[in-house]
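In what follows, a single structure is set out as structure tokens and then discussed.
No value in this document is a laboratory result; all are computed from the given coordinates. This is a predicted model, so every value here is computed, not measured. All Cβ positions, even for glycine, are placed from backbone atoms using ideal geometry, and neighbour counts span all protein chains on display.
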């Protein structure tokens, strides 16, 4: 049966989009402190936000993302929070971390079903000492991950939408006054990502920075570290192979010495031991 | 309806004046217009008042020539004639006009003339010759009849009679059957013969009549019998005259029809035809009803079959993609594959040259079109031109053709086999960690942990995924090598123990020493490993545990203890499973208890217990005599 034209897909193509799924948590002022907001249960110690967003300067999320549902812990009032428009985030107060189900609803043009992601709400300090120190300093615990969404064989409509230039339109300031031009320059004096004539790409940002958690630099760093691990494993593998050859040689010598039957018996015993252990 | 007066009123005529209509009619008649009859009148009515363009004449008034009388009546005479179609030269007479050249004769001489004329003039009338056609008949000689044509049912005489009558009536079988009187003829002959015999002597005839063979068969011949006989003989004669192989097409078809005549079938056919003719109305109706019913059932069956077929085709697996298959088919030969490889290689190089390192993943991306195009690019020149094309440009449904740079910007990539839908980068990375078996997955996980690879890779892009995949593959290989090594080491140990046992009872101590050496050596090797220091002991111990340790890296002491306990259990099992070591069982059990005691005390290092296990096993392997000493040594 031929598929309706609306659902026609672009064969052999994949479009990838980076999104950031994460959470931030701040400590609330202690009970009785004048700054502590009212109407918050006494035992809540943190304010947190869980969010789904695009890296700074990336093409607009809402091109393909219709709405996001966060399923938070079910003692909260209305545990299924739905965000129909960006920003896709939920802010609450609480005292403990839990796992949040995030349901991504795609735009109808994509013809895709909703997908689940999970995120653990990290409220306490974590990571290396350095990280923990930084978290202590800023009073903010941020835990976020990059997620790459692959649109395999997107529908033609989605393909068009995801390769259109107007995906960056949301970043252009509405009033192009002189003040905004200064704002459009990043900290490093370059044009901010995603603005006209600037770096406009769905790839990771080229340069990392304090406010850019994921970039091609980071990616390269990760790759390098993985490469180092590979080299490590390679060395290990060489040694292991050499050792194995050694044992093999001694085994051969022993086999020759003791004869075929004994060798078979030994092999049986050795393998028998292994199988029994399982 | 308008009355006469109304009409007058409308025409403006005075009401009082009544013109006599009869006068008008009369004048019309007087005008000479004739009543035309028949069709002609209708035609005239169509003309209306206008005169017809062509004058219409009535047929009966057309000219006919008058009969001309040319003198007195002609004379007719009875002319005798001979018919050449007749073989007997019989002279018959028929009426003919008297030739005009003949002199007029007086009426009184008529009789004399008739008598005299046939003598001087005999007409040979050939008009009937064309009707005297003799049919072609097969004929046979006596030798032929005796050799081939004999039949128990037919006498020679009757056969000849049949042939004669067939010839007489020119194959008109209905007539032949009607006139076939062989039996009657025979009966008459017999009657004559009997009459003659009665004259000679009565006894003979009675004796003859009593004999069964003497009575000639004189049953009624059916049409089919006659036909069968005649055709049979015809076919046989035909075959005798012309051998089958030499017959031409016509002759052979004739021969076939002649030789295939089946009297029984023919009779049945006729019976059926008769039955069909003699059906009454009810039977005809019933038959029609049954026929329509049958047709209806057949049609329903066809429809049902079609529906079933459709259902089955829906349930069946989808047909293979023929376009892809066609594309792949061209790569069955090795030369085509070679060409493909060359092309891919060149393409990859040119891509690297053009875009440097910034191009997305280092894997080959091929679209289906490239594959299909390849076979035609047999010459190198063609290949080069095809290389110039951007590799991803000809997608199958080009919604929008993007330059490679644009594709990179919008993170569009081309892949060979994609299942449509949405996938996530982190899922892909997670999947890579999973091996076929649970144990292997665990092993890989622990190995990665040793390496310090985080459980969640923070940037799951495809570049990272590719590198990670390599890493996992390497780790898998490492684990495999390690597994094989451990197995071989286990075998080594068993063999060396056996060797020691063979060498003599003194071997016990040696074995212990040897295994001690073994352990020491292995630990030395273990220290070479670049794994984390904390893991090292665990790894070493695993090695010591006679290669039984599958999980590869148990680094906590608790785990090691459990391991050893399991090792003990294993030993026990083995001991029990070997019936010839019945004596050893008790000892082994005792050992186990001891080992467990050690575990509980937890004062000893796991290495010590595992060493103990090693000794224990060797003990169970050895003869009974050596065991007590071994036990003592351990304690």
Worksheet item: So, by mean Cβ neighbours within 10 angstrom, what's the order for B:294-306, A:252-264, B:157-169 with the highest one leading?
Response: B:157-169, A:252-264, B:294-306
Discussion item. Please compute, for peptide A:224-236, the average count of beta-carbon atoms on other protein chains lying within 10 Å of each residue's beta-carbon.
Written reply: 6
Worksheet item: Could you give the radius of gyration (one decimal) and Dmax (whole number) of the Cα atoms in region A:39-79, in Å?
Response: 14.9, 42
Fill in: Mean separation of Cα contacts under 8 Å, 6 or more apart, over the residue count of region B:401-497: relative contact order %
28 percent
Discussion item. Within 10 Å of each Cβ in A:247-258, how many Cβ atoms from other chains are there, averaged over the peptide?
Written reply: 5
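What is the average number of partner chain Cβ atoms found within 10 Å of a Cβ in A:149-157?
Values: counts 4, 12, 7, 8, 5, 5, 2, 3, 1.
Mean shielding by partner chains, rounded to a whole number: 5.
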Response to the item:
Two pseudo-spin positions, 7 Å from Cα along C-beta at residue B:171 and at residue A:113, lie apart in nanometres by 8.2 nm
Worksheet item: What are the semi-axes of the equivalent ellipsoid for region A:73-147, taken as the square roots of 5 times the Cα gyration tensor eigenvalues, largest first, in whole Å?
Response: 28, 16, 11
Practice prompt. Could you list the square roots of 5 times each eigenvalue of the Cα gyration tensor of region B:230-303, that is, the equivalent ellipsoid semi-axes, sorted largest first and rounded to whole Å?
Written response: 43, 19, 7
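Please state, to two decimals, what the Cα-based radius of gyration of region A:1-159 comes to when divided by 2.2 N^0.38 Å (N = residues). Numbers along the way, then the final one.
Details: Rg = 19.0 Å, N = 159, 2.2 N^0.38 = 15.1 Å.
Dividing the Cα Rg of region A:1-159 by 2.2 N^0.38 Å gives 1.26.
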Practice prompt. Just grab the label-to-label distance for residue A:131 and residue A:227, each label 7 Å out from Cα along the Cβ direction, in nm (one decimal).
Written response: 2.4 nm
Worksheet, complete the sentence: On the formula 1/(1 + (r/R0)^6), with r taken between the Cβ atoms of residue B:259 and residue B:76 and R0 of 51 Å, the FRET efficiency rounded to 0.05 is 0.35
Fill in: Mean Cβ neighbour count within 10 Å, used as a protection proxy, ranking A:65-72, B:486-493, B:66-73 highest first
B:486-493, A:65-72, B:66-73
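Just to verify a number: FRET efficiency for residue A:80 and residue A:140, C-beta to C-beta distance, R0 = 22 Å, to 0.05?
Numbers: r = 26 Å, r/R0 = 1.20.
The formula returns an efficiency of 0.25 here.
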